[in-house]
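The values are calculated or read from the model by the stated rules, or taken from the named source; none is laboratory data. Please read these numbers as outputs of a predicted model, since none were measured by experiment. When we count neighbours, we look across all protein chains shown, and the Cβ atoms used for this are built from the backbone with ideal geometry, even at glycine. Areas reflect the complete protein model, heavy atoms only, side chains present, ligands, DNA and RNA absent. Shrake-Rupley method; radii C 1.70, N 1.55, O 1.52, S 1.80 Å.
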Amino acid sequence: MKLNWGMIGGGEGSQIGPAHRLGALADGNFSLAAGALDADPEKGRAYAQRLGVAADRAYGDWREMLEGERGRADRVDLVTVATPNSTHFEITKAFLEAGFHVLCEKPMTMTVEEGEEIVRVAKASGRICAVNYCYSAYPMVREMRQMVATGQIGKVRLVVTNFSHGHHGNAQDADNPRVRWRYDPAMAGVSGQFADCGIHALHMASFIVGDEVDRVSADFASTIASRVLEDDAMVNFRMSGGTVGRLWTSSVAIGRQHGFDIQVFGETGGMRWASEQPNQVYYTPVGGRTQIMEKGESGLSDEAARLSRVAIAHPEGFPLAVANIYVDLAAAIRGEKRDGLPMAEDGLRSMAAVHAAVASAKDGGAWVDARPPMFRS
Ligand code: NAI
């Protein structure tokens, strides 16, 4: 039987809304049963109904949705929170406390304290709180993770990752309201580009290497003078197993489009993956030739094979990476254990790293502990 799915945010014209709908509905696990899709109640109600939601479950705002759903026998099984960042904490907490499973967009919260609170509330409620680090669900990223776990490149010495695009590089467009808020502390919090894109890269490093980020040393720059928050950052990090990390994230790298890639260098080999060519991993054993590993080819790990649904060489892409998150969420809601689903603990770790990087950048790049207080022993 299909699970009932509800969505908050992700209204018409939003950036991430379509990827969630394509992803959630791709495998027949969920049907869109309820929604509070837009900051404008009327637009949200109308759009939800056009997407097939019944009129009495096309809500004007999330509080109305919480009240409407909590008493229903057929209430939604999962709520996706795809609103702007500053609202994530309040909405996610309220739905977890009311007993709903939640998939929250990144960044999960604005502060470390809020992140810890979400981890506690999720634990107390027994509900799933996942965070949409969807790049970790690309099949070939899972392959890299498996290769590290099975020792195919030896102990990982170094991770180098970039998430740098150029879409906010036009100084003439810096006052455009859709761009400006991202660099305004009142709207975006303590960090601009690092909290927006850098945390995907940091999560990916932990996900593939299998270790947590322990400490960071950061250099932040606002290359467009009117910006308070950084539009470019270089973050060095160290991981719990000793791996050295280098991360560059920028929104003024004109000519770079999506610009997310990662290289993992171990004692006996190196690997490279880029989100703009997600079907391939370049793998080089020490002293050997570079091989191109292809999504869908035989001999890949079970996990990479499971998460690839179309034949070799056909692009699957971003919405199906999001769909992989929903596949595992559906399984987890039905009681199966699924490894690799990004959870509230990962969202909290990101927040702690963001705040540590901000403190480091203010202190001339000093090394700062990036572990959430609740995970320090
Ligand atoms: P957007 O500004 O394009 O869309 C936001 C949507 O939420 C709009 O439809 C708006 O009307 C609606 N909304 C705003 N406040 C609301 C409220 N209180 N209740 C209900 N609806 C509300 O924003 P975008 O780019 O789609 O980002 C949304 C979230 O998704 C952000 O947290 C962002 O960081 C995250 N995101 C994640 C990505 C990923 O790769 N995982 C990629 C892009 C965005």
(request) Among the residues of the stretch 24-57, count how many are more than 12 Å from the ligand (Cβ to nearest atom) and either over 30 Å from residue 307 (Cα atoms) or touching a His at 6+ places or on another chain (Cβ under 8 Å) (or both). (result) 7
(request) Among residues belonging to the stretch 98-121 that are aliphatic (A, V, I, L, M) and touching a Lys or Arg at 6+ places or on another chain (Cβ under 9 Å), point out the one that is surrounded by the fewest Cβ atoms within 10 Å (Cβ to Cβ). (result) 98
(request) Any residue in the stretch 277-299 that's of a type in the set (Lys, Arg): show its pairings with residues that are surrounded by 14 or more Cβ atoms within 10 Å (Cβ to Cβ) and part of a loop (DSSP other than H, G, I, E, B) at Cβ separation under 8 Å, as long as the two are six or more apart or on different chains. (result) 295/308; 295/316
(request) Give the stretch 269-319 a look and list any residue that's open to solvent by less than 60 Å² (accessible area, probe 1.4 Å), among the polar types (S, T, N, Q) and out of contact with any helix residue (DSSP H, G or I) (no Cβ under 8 Å at 6 or more places or on another chain), or say none. (result) 284
(message) Exactly one condition in (1) assigned to a helix (DSSP H, G or I); (2) within 15 Å of the ligand (Cβ to nearest atom) is false for residue 140; which is it?
(response) (2)
(request) Among what's in the stretch 252-311 and is charged (D, E, K, R) and touching a Ser or Thr at 6+ places or on another chain (Cβ under 9 Å), pick the residue that is nearest to residue 140 (Cα to Cα). (result) 295
(request) State the number of residues belonging to the stretch 243-265 that are open to solvent by less than 50 Å² (accessible area, probe 1.4 Å) and either out of contact with any strand residue (DSSP E or B) (no Cβ under 7 Å at 6 or more places or on another chain) or on the phi > 0 side of the Ramachandran plot (or both). (result) 2
(message) Whether any residue in the stretch 139-149 is in contact with a strand residue (DSSP E or B) (Cβ under 6 Å, 6 or more places away or on another chain), open to solvent by 50 Å² or more (accessible area, probe 1.4 Å) and not acidic (Asp, Glu) is what I want to check.
(response) no
(message) Suppose we keep only residues that are of a type outside the set (A, V, I, L, M) and closer than 17 Å to residue 44 by Cα within the stretch 68-97. Which one would you say is surrounded by the most Cβ atoms within 10 Å (Cβ to Cβ)?
(response) 80
(request) Could you please find all residues in the stretch 218-236 being closer than 18 Å to residue 370 by Cα and open to solvent by less than 20 Å² (accessible area, probe 1.4 Å)? (result) 218, 233, 235
(message) When you scan the stretch 114-122, do you find a residue that is over 21 Å from residue 29 (Cα atoms) and touching an Asp or Glu at 6+ places or on another chain (Cβ under 7 Å), even just one?
(response) yes
(message) Which pairs turn up if I take residues in the stretch 1-28 that are under 13 Å from residue 78 (Cα atoms) and look for partners that are acidic (Asp, Glu) and more than 7 Å from the ligand (Cβ to nearest atom) with beta carbon separation below 6 Å, at least 6 apart in sequence or on another chain?
(response) 3/77; 4/77
(message) So, restricting to helices (runs of 4 or more DSSP H) that lie completely within the stretch 1-115, which ones have at least 3 residues that are under 20 Å from the mean Cα position of the chain (by Cα)?
(response) 17-25, 88-97
(message) Between a residue in the stretch 57-85 that is more than 21 Å from residue 128 (Cβ to Cβ) and any residue that is of a type in the set (S, T, N, Q) and surrounded by fewer than 20 Cβ atoms within 10 Å (Cβ to Cβ), which pairs come within a Cβ distance under 9 Å, given they are 6 or more apart or on different chains?
(response) 58/49
